[in-house]
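The values are calculated or read from the model by the stated rules, or taken from the named source; none is laboratory data. All values reported here derive from a predicted model rather than from experimental measurement. Because the Cβ atoms are built from the backbone with ideal geometry, glycine has one as well, and the counts that use them run over all protein chains shown.
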Amino acid sequence: MDLFEYQGKQYFERYGIPVSKGGVAVSVDEAVRIAESVGYPVVVKAQVKVGGRGKAGGVKLASTLEEAREHAGNILGMDIKGHTVERLWVEHATDIAKEWYASFTLDRTAQLHLLMLSVKGGIEIEEVARTDPEAIVKVHVDPSEGYSLPQALDAVARAGIDAEVRDETAELLVGLYRCFVEGDCDLVEINPLVLNTAGKVHALDAKVTLDDNAMFRHPEWEEFAATDTTDEREKSAKQRGLNYVGLDGDVGIIANGAGLAMSTLDVVSQAGGSAANFLDIGGGADAALMTSALDLINSDSNVKSILVNIFGGITRCDEVATGIVQALAGVDMKSPIVLRLDGTNADQGREILADHVSDRLVVEKTMLDAAFRAVAMAAGDSHGGDQGERN
Amino acid sequence: MSIFVDENTTVIVQGLTGSQGKFHGLRNRDYGTKVLAGVTPGKGGTDVDGTPVYDSVKEAVEETGAVASFVVVPPRGAAEAILEAAGAGISLIVCITEGIPAQDEARTVNILKRDFPSTRLIGPNCPGIISPGKCNIGITPGDIALPGGPVGVVSRSGTLTYQALHELSQQKVGQTTCVGMGGDPVPGTSFVDCLAAFEQDPETRAVMMIGEIGGSAEESAAEFISSSMTKPVVAYIAGQTAPPGRRMGHAGAIVSGNSGTAKGKMDALSAAGVRVAKNPTEAGEIMVDIVHSL
């Protein structure tokens with residue numbers, strides 16, 4: 001789960017990382033009140049989970065109450081790359097002397113944590129990585145050992161951070177690592193990390209990605225989850241415990257396991273069709289979850305056929321079959337279902353479905369046959385999908 | 001022959017008294033796997049369908065001499081369970097748990113590397129390992145695998161592992177061992193570990209590998225295959241048409257560069273001499289041709 005900048009900054013503050021003084025606003029009046037309290041000049045920043053907001057006009061400097069009111073009014077409701085601005089972060093403007101970059105993430109190849117630190121921070125950091133990779137200090141951190149102040153002091157010296165602020169920058173890095181580990185983040189990134197003209201270092205931006213798997217030990221994340229997505233279908237899927245991504249095609253997809261779901265998208269494409277979604281019901285789904293998945297796909301008006309591709313392992317095919325029967329009985333399914341069922345308890349599953357097979361519920365023997373049939377049905381050909389059409 | 005397990009591998013099940021542990025642990029036992037005991041703290045002295053349960057792995061190992069553990073423990077306790085097994089001298093740990101926090105996983109895998117270098121962890125978040133007809137530890141349905149080789153299978157994706165076994169077995173091509181290494185960010189066992197073991201295993205004569213988008217495990221595998229594998233490899237990478245994934249800030253772009261896409265992985269594998277299929281069925285068909293020409 002990605003956090004908004006303001007949530008990231010609030011999260012940083014818990015670990016002692018200095019951030020600009022500011023507040024979050026959902027209305028113009030609220031934005032003005034914050035501006036008055038933190039003191040002018042202020043920066044009014046659109047809160048969207050997408051880059052490039054500055055170029056889109058979503059970040060503005062205001063020196064007076066009138067300017068703050070005008071910018072807040074313009075930015076609230078603005079569309080930035082498909083994201084509507086619903087919140088503003090208003091903070092006291094910083095007199096920037098230098099812009100640096102700092103992040104901790106996982107290096108999957110090395111299986112270690114990775115610190116990246118550079119004195120060439122700012123919006124062009126990826127360009128720096130390409131043209132001047134030496135300017136980014138990369139240090140692996142062993143997750144079983146942790147990160148200490150001496151290591152951080154070494155990193156800031158190597159990166160060429162100004163000598164007068166090495167101690168406080170190193171302390172900030174240790175706090176950032178604590179935030180990364182104890183805060184259960186997949187990513188913590190500060191770009192830019194600024195040195196202001198008064199000689200102080202703080203985080204001017206905050207990019208934080210939380211690890212959804214750690215939700216169980218962070219009850220405080222509920223407020224982040226509440227603002228996580230504005231896509232109603234994805235929100236509804238998440239509440240049901242389904243991993244769903246909306247796409248543009250007309251073949252609804254349900255599969256168990258992310259790999260099989262991705263592979264189902266691949267074969268639908270190879271069969272000449274186009275998927276309406278990615279939906280992984282996960283491992284060990286029961287009948288109720290299967291019914292819920294069908295109900296969700298059914299609510300997508302683009303869907304013309306539904307391909308259910310199940311290879312049972314920890315998921316039991318009898319549960320899946322029961323879920324389909326329950327959906328047929330309780331939900332007004334608008335599209336025909338093409339089913340492929342193999343693996344754990346597949347025979348029981350097929351038995352449960354035997355009496356329900358019709359032109360609205362077709363069972364195919366293989367994943368490829370099922371994909372061709374579902375694509376043909378989406379195109380309006382209920383008898384298509386024969387072997388002969390594959391070429 | 002097989003890799004990592006064989007017909008003599010003795011197994012305990014951590015979490016045998018839970019519903020998943022019972023279902024899959026007993027299914028492994030029914031398959032013929034030497035499941036000797038279960039472990040659930042506080043339930044020592046009881047049994048599950050005749051298999052004794054102990055309070056700790058240490059006790060279970062002392063009583064039964066088991067060398068492998070099947071960890072079926074919920075996410076909040078899984079990392080601790082893995083370390084308990086390693087500490088008790090278990091040499092092969094198979095953890096199927098899905099949803100272990102990434103920080104727990106990274107810490108645990110690195111503790112294993114540092115303190116228990118001879119212990120192998122398969123997973124987490126994986127289907128487990130099966131050597132058909134000999135040993136099945138995990139949640140793979142045993143009846144989809146066919147004994148006798150000559151193909152070794154390794155997969156990063158859970159259900160696609162079953163699909164791969166199914167494609168081969170349907171064509172009467174057997175498997176020596178199938179390792180589901182799991183799709184988590186920090187797996188205990190990598191493609192390279194499995195490829196190296198298959199290269200050494202005299203009964204394995206070809207390898208099927210199933211990868212997916214994200215990370216760089218397939219690119220590392222391609223490097224290894226190019227430099228160190230003599231046996232033919234067939235690969236399928238899931239996610240050729242997947243929507244672009246979430247962008248992990250600038251850091252993600254800087255760390256991963258161009259790796260991670262299906263195309264990048266398929267190109268890297270092709271360049272290493274791997275036959276790359278466009279779907280699992282085609283991967284099965286290519287493997288059948290290879291096996292028949294061996």
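One residue stands out among those in region A:89-125 that are touching an Asp or Glu at 6+ places or on another chain (Cβ under 6 Å) and closer than 19 Å to A:G175 by Cβ: the one that is surrounded by the most Cβ atoms within 10 Å (Cβ to Cβ), which is A:S103. Helices (runs of 4 or more DSSP H) fully within region A:122-192 that include at least 1 residues being within 11 Å of chain B (Cβ to nearest Cβ) and touching a residue at least 60 places away in the same chain (Cβ under 8 Å): A:125-131, A:166-182.
Just one of the listed residues (B:L83, B:L16, B:L121, B:L36) is assigned to a loop (DSSP other than H, G, I, E, B) and either in the same structural domain as B:G188 (by TED's automatic domain parsing) or in contact with a helix residue (DSSP H, G or I) (Cβ under 8 Å, 6 or more places away or on another chain) (or both), namely B:L16. Among the residues of region B:145-160, write down those that are modelled with pLDDT under 95, of a type outside the set (D, E, K, R) and either under 23 Å from B:G214 (Cα atoms) or crowded, with 24+ Cβ neighbours inside 10 Å (or both). If the condition is that a residue be modelled with pLDDT under 95, of a type outside the set (D, E, K, R) and either under 23 Å from B:G214 (Cα atoms) or crowded, with 24+ Cβ neighbours inside 10 Å (or both), then B:S157, B:G158, B:T159, B:L160 are the ones that fit. All told, B:A106 falls short of being surrounded by 21 or more Cβ atoms within 10 Å (Cβ to Cβ), in contact with a Lys or Arg (Cβ under 8 Å, 6 or more places away or on another chain) and part of a helix (DSSP H, G or I). Restricting attention to region A:341-368, the residues that are farther than 21 Å from A:A271 by Cα and in a helix (DSSP H, G or I) add up to 11.
Of all residues in region B:181-200, which are among the charged types (D, E, K, R) and more than 16 Å from B:G123 (Cα to Cα)? Scanning region B:181-200 gives a single hit, B:E199.
Results for (1) out of contact with any strand residue (DSSP E or B) (no Cβ under 6 Å at 6 or more places or on another chain); (2) hydrophobic (A, V, I, L, M, F, W, C); (3) free of Cβ contacts under 8 Å to residues at least 40 places away in the same chain; (4) within 14 Å of chain B (Cβ to nearest Cβ), shown as yes or no for each residue.
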site	(1), (2), (3), (4)
A:E222	yes, no, yes, no
A:A225	yes, yes, no, no
A:Q239	yes, no, yes, no
A:D266	yes, no, yes, yes
A:G283	yes, no, yes, yes
A:A293	no, yes, no, no
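Here is the figure for region B:86-103: residues that are touching a Ser or Thr at 6+ places or on another chain (Cβ under 9 Å), within 18 Å of B:A68 (Cβ to Cβ) and not in a helix (DSSP H, G or I) total 8. When A:D79 is tested against the conditions (1) closer than 19 Å to A:G8 by Cα; (2) more than 14 Å from chain B (Cβ to nearest Cβ); (3) of a type in the set (D, E), the lone failure is (1). Considering region B:207-255, and only residues there that are assigned to a loop (DSSP other than H, G, I, E, B) and modelled with pLDDT under 75, the residue that is surrounded by the fewest Cβ atoms within 10 Å (Cβ to Cβ) turns out to be B:P244.
The set of residues from region A:35-56 being part of a strand (DSSP E or B) and either closer than 18 Å to A:G8 by Cα or of a type in the set (G, A, S) (or both) comprises A:V43, A:V44, A:K45, A:A46. Candidates B:L112, B:L165: the one that is within 12 Å of chain A (Cβ to nearest Cβ), among the aliphatic types (A, V, I, L, M), assigned to a helix (DSSP H, G or I) and crowded, with 24+ Cβ neighbours inside 10 Å is B:L165. Among the residues of region A:304-323, those that are of a type in the set (A, V, I, L, M, F, W, C) and in contact with a helix residue (DSSP H, G or I) (Cβ under 6 Å, 6 or more places away or on another chain) comprise A:I306, A:L307, A:I310, A:F311, A:C317, A:V320, A:A321. In region B:124-141, of all residues being part of a loop (DSSP other than H, G, I, E, B) and out of contact with any strand residue (DSSP E or B) (no Cβ under 7 Å at 6 or more places or on another chain), the one that is nearest to the other protein chains (Cβ to nearest Cβ) corresponds to B:N125.
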